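A short worksheet on the structure shown next.
FYI, it's all coordinate maths here, none of it is from the lab. Because the structure is predicted, anything quoted here is derived from the model rather than measured. Cβ coordinates were reconstructed from backbone atoms using ideal geometry, including for glycine residues, and neighbour counts include every protein chain displayed.
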Amino acid sequence: MCGIFGYVGKNNNAAQITLEGLKLLEYRGYDSWGVAVKSGKKLDVEKHVGKIGSAALKSSIINHKSSIAIGHTRWATHGGVTVQNAHPHLDCTKTIAVVHNGIVENFEELKKDLIKKGHKFISQTDTEVIVHLIEDFLKKEGFASSVRDAFNLLKGLNAIVVVNAVSSEIIAAKNGSPLVIGIGKDEFYIASDLIGISDYTDKIVFLKDNEMIILGKNIKLLSLPKGNRLKEKIEKINFKFEKSSKGNFEHFMIKEIYDQPRIIRNIARNYSDQFKKMSHLIESAKGIFFIGAGTAYHAGLAGTYLFSKMAHMHVNTSVASEFNYLEDFLTKESLIIPLSQSGETIDVIEPLNIAKKKRSKIIAVTNSIGSTIYRMADFNILLNAGPEKAVASTKTYTAKLCVILMLVFALIKKEKEAELLLNNAAKEAERILEDNNIKKIKEIAKTLKDSKNIYVIGRGLSYPSALEASLKIKEVSYIPTEGLAGGELKHGTIALIEKGTPCIVFAPKDETFESIISNATEIKSRGGVIIGVSSKKSDVFDYFIEVKDIAQAAFITQIIPLQLLAYFLAVYKGLDPDKPRNLAKSVTVK
Ligand code: AGP
């Protein structure tokens, strides 16, 4: 999952425009970045390891006066994080440059053939084969057909953008990974998603799978593999992406944690009508499936518990990347509810493609209007949580839980009760964020920051919270943390508990309380240290994090202290909570 940006047009500060575009796309990968500019009959390329951040100021390429440039911000899949492996990649003649998002699954065999033909490779990436393939075809064909024939040889889900020193055009092709084109007056923008170009224009072409586009004096859309001419569908987008700043906060993660009370209130106030409409779809469906990845999967799992507990309905939840292998039974009566903050997660998009072929209905719950999943859905529920910049998802997790609660209560015709529950949840979230509670969580973070491992347990609706809490701690503090169902511990994992092993225990005052306290006691008897998250103190707790009992909405707010704990663990370990290593905000490769 990388960020791609390109510009061709009347403006001769293409390099500067491209760099600004890459900054907006850096959430898609921040291992390295690079820009290629056409200057005269040659290409100038600049590549750096690390985040764009302030490095841009020192870069020399942004001062190049040129009207054609492409750029890339990388999340490494093949080849380490080095300047050589950063994009753009050049061919042997250094006159063709390519940026790529995706994985060329057959790159080794393609590379072998090209090396036999004398091509010299300088990187360990899968991407570099693309530019050498184009170079090879160019020996006997024109630029466009060379890109077409090279792209047709690639296996896997890929999007590429190419410039050629002797051509005044940018050529792009896609199959799977997203690409959008912005149409300006005598200029064109191309990017991995709308956020990179919506400031410049509202006239958009969403490139579809197996399409190629040529941008120069005008726009030419072609179908792949043959290259037949197509009429481009120009769509007008009537929304602008909200800009997000940290305000007085040090990081986006903590700012987004503090956004939650407002977002919870907004969902309580504005959504019930939408859900009434959706509830008949749910009632009439034969087989309902939440699908999501990471944090989104945890929200779906909480949905399965809540639908069962409140609506006595069975709703399945599947890890999105596994749903491909479970789809045989889907029919046109099935209902798929994909949950995705970015709306671009390929592990969710792939099973949705199959579900669409089976004419199953799709209600998408996303935070990204105009995203691929948003456009694939029959119905959309937008979280309206505002941009979520930190890689660790916080406010869109609780927003998903709020939406699911409203959906369930709409089904059982108790919308008013749901509004009340969510308003109580918003108040409780504000209470958790009060200074005295923050102080307590900071103390616990100081105690746990050097832990070599942490466990998190919960039962029923708190089990997904245990999974989510462990994911938050892992992804920003890098402390090995395992979340599991309280009852599962004694079936193996308890063997890992020794003197001083920290274990966080979700113990809400509900039907799980007694059992989870017994599980905590089992851990304590092995020397474990218990951090209790509950509305009620217990002797088994060594540390107590109070979360008020707000009935069925407790599963929404009980995660907030753990979001805070994860954040402070990262800060006390001197780590960047917004851009953790090896991660990206939107996962567009398999
Ligand atoms: C969560 O903090 C992670 N960033 C990750 O697990 C994320 O939830 C997952 O990649 C799904 O992303 P999506 O909601 O944008 O589809």
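When the helices in the chain are scored as -39500 (n - 2.57) per DSSP H run of 4 or longer and the sum is shared across all residues, what 222 nm value do you end up with, to the nearest 500 deg cm²/dmol? Don't jump to the answer; show the numbers that get you there.
Values: 19 runs with 210 residues, N = 590.
Rounded to the nearest 500, it is -11000 deg cm²/dmol.
Counting charges near A268 (Lys, Arg +1; Asp, Glu -1) among other residues having Cβ under 12 Å from its Cβ returns a value of +2.
Each peptide in 331-337, 458-464 receives the mean, over its residues, of other Cβ atoms within 10 Å, and ordering these scores from highest gives 458-464, 331-337. Rounded to 0.05, the FRET efficiency of the E522 and K414 pair, given R0 = 41 Å and the Cβ-Cβ distance, is 0.65. Projecting the Cα atoms of N228, G247, M212 onto the charge dipole of the range 202-256 (Cβ charges, centred on the Cα centre) puts N228 farthest toward the positive pole. Averaging 1/r over every pair of different alpha carbons in the range 290-417 and inverting the result gives a Kirkwood radius of 14.6 Å. In plain terms, the chain from S39 to T331 could stretch by 99.7 nm, reckoned as 0.36 nm per residue minus the Cα-Cα distance.
Projecting label points 7 angstrom from Cα along Cα→Cβ for E546 and C92 puts them 7.4 nm apart.
How large is the dipole of the range 243-398 about the Cα centre if only Lys and Arg carry +1 and Asp and Glu carry -1, each at its Cβ, rounded to the nearest 20 debye?
Numbers: 19 positive and 14 negative charges, 108 e Å.
Using only the charged Cβ atoms, the result is roughly 520 debye.
Each of the peptides 355-363, 314-322, 121-129 was scored by the mean count of other Cβ atoms within 10 Å over its residues; in descending order, highest first, they stand as 121-129, 314-322, 355-363. Compute the helix-to-body angle for 14-25: its Cα long axis versus the longest principal axis of the chain, expressed 0 to 90° and rounded to tens. So the helix axis and the longest Cα principal axis differ by about 20 degrees. Rg/Rh, computed from the Cα trace of the range 179-317 with Rh as the Kirkwood radius, has the value 1.09.
When the Cα positions of W75, A418, L133 are compared along the charge dipole of the chain, L133 comes out farthest toward the positive end, with charges on each C-beta of Lys, Arg, Asp and Glu.
A crude spin-label estimate for the pair D113 and S515, with each label 7 Å from Cα along the Cβ direction, gives 5.8 nm.
One equal scatterer on each Cα of the chain, no solvent, Debye formula: the resulting log10 I(q)/I(0) at q = 0.07, 0.12 Å⁻¹ is -0.45, -1.16. Relative to the Cα centre, the charge distribution of the range 366-455, modelled as +1 at Lys and Arg Cβ and -1 at Asp and Glu Cβ, gives a dipole magnitude of about 280 debye.
May I ask you to derive the FRET efficiency for H280 and R375 from their Cβ-Cβ distance with R0 = 22 Å, giving the value to the nearest 0.05?
On the way: r = 23 Å, r/R0 = 1.06.
With a Förster radius of 22 Å, E is 0.40.
Is the range 473-526 best put as rounded, prolate or oblate by its Cα gyration tensor, with a ≥ b ≥ c the root eigenvalues, rounded for a/c under 1.5, and otherwise prolate when a/b is larger than b/c, oblate when not? If you can, show how the numbers build up before the last one.
Details: a/c = 1.96, a/b = 1.31, b/c = 1.49.
Cα axes put the range 473-526 in the oblate bin.
Taking the Cα centre of the range 45-148 as origin and assigning +1 to Lys and Arg Cβ atoms and -1 to Asp and Glu Cβ atoms, the resulting dipole is close to 340 debye. Need one word for the range 486-590: rounded, prolate or oblate. Basis is the Cα gyration tensor (sqrt eigenvalues a ≥ b ≥ c); a/c below 1.5 gives rounded, then a/b vs b/c decides. Prolate.
Kindly rank 539-547, 501-509 from highest to lowest mean number of other beta carbons found within 10 Å of each residue. Walk me through the numbers before you get to the answer.
Working: 539-547: 18.0, 501-509: 24.7.
Most protected by this proxy first, the peptides run 501-509, 539-547.
With a/c under 1.5 counting as rounded, go ahead and sort the range 150-222 into rounded, prolate or oblate using the C-alpha gyration tensor (a ≥ b ≥ c being the square roots of the eigenvalues; past the cut-off, prolate if a/b is larger than b/c, else oblate). Since a/c reaches 1.5 but b/c is at least a/b, the shape of the range 150-222 is classed as oblate.
Inter-label distance, K573 to N63: 4.1 nm, where each label sits 7 Å from its Cα along the C-beta direction.
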